[in-house]
1. Scan Val6, Val11, Val38, Val22 and give me the residue that is of a type outside the set (Ser, Thr, Tyr) and touching a residue at least 40 places away in the same chain (Cβ under 8 Å).
2. Is it the case, given these coordinates, that Gln81 is more than 30 Å from Val11 (Cβ to Cβ), modelled with pLDDT of 75 or more, assigned to a helix (DSSP H, G or I) and open to solvent by 80 Å² or more (accessible area, probe 1.4 Å)?
3. Return the pair list, or none, for Cβ contacts closer than 7 Å from residues in the stretch 108-120 that are touching a residue at least 24 places away in the same chain (Cβ under 8 Å) and more than 14 Å from Leu96 (Cα to Cα) to residues that are open to solvent by 60 Å² or more (accessible area, probe 1.4 Å) and assigned to a helix (DSSP H, G or I), at least 6 apart or on different chains.
4. Can you work out which of the residues in the stretch 7-49 that are under 18 Å from the mean Cα position of the chain (by Cα) and β-branched (Val, Ile, Thr) is surrounded by the fewest Cβ atoms within 10 Å (Cβ to Cβ)?
Amino acid sequence: MAEKIVQDVFVDFYLRRKEIQVKHSLAAYLKTAIKFQVFKTYRAQKIQDKYIEIVSHLGQASPIQPDSMLEAKQIHAEIVQITEKMPATCKQVFLLSRFEKRSNQDITEQLNISVVMVRKHITKSMNMMRAEINEHQMDIFYLLLLLYSHKN
């Protein structure tokens, strides 16, 4: 996790090198950037843990209601339709990342593209998903991603 955080900070620094102005100390800038990246990673992990907890409680509490199953199937169908609209590489990266839970490095090696391009494709695909799936359904969308990741 620490290596990923440091790598993310350096990739971001490299991508924004022309717009970043380090006034005092590069070390101070990098320490601050790492601190904020740790916070960002921690928040993302907390959200993922929350959804995993919800999914685990669904299996223990009561059977899934038919309307919830129907809604999940409808959202799954929407996901399939949205992925069909994506450019080929973007679609491949999305499916490998979100449904096969492959690391960015694995995707880079498999598709022979840079890590930066993998990240851009993931961002683009998730933005497309958010734009086409309404806010209420986003929670179910994230649950579906978690459920599929545990099945594979």
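The values are calculated or read from the model by the stated rules, or taken from the named source; none is laboratory data. Remember, predicted model here, so these are calculated numbers, not experimental data. With ideal geometry, Cβ positions are generated from the backbone for all residues, glycine too; neighbour counts draw on all protein chains shown. Heads up: the accessible areas ignore ligands, DNA and RNA and are worked out on the full protein's heavy atoms, side chains in. Shrake-Rupley method; radii C 1.70, N 1.55, O 1.52, S 1.80 Å.
1. Result: Val11 is the single residue among Val6, Val11, Val38, Val22 that is of a type outside the set (Ser, Thr, Tyr) and touching a residue at least 40 places away in the same chain (Cβ under 8 Å).
2. Taking the combined requirement at face value, the residue satisfies it.
3. Val116/Leu15
4. Within the stretch 7-49, the match that is surrounded by the fewest Cβ atoms within 10 Å (Cβ to Cβ) is Ile47.
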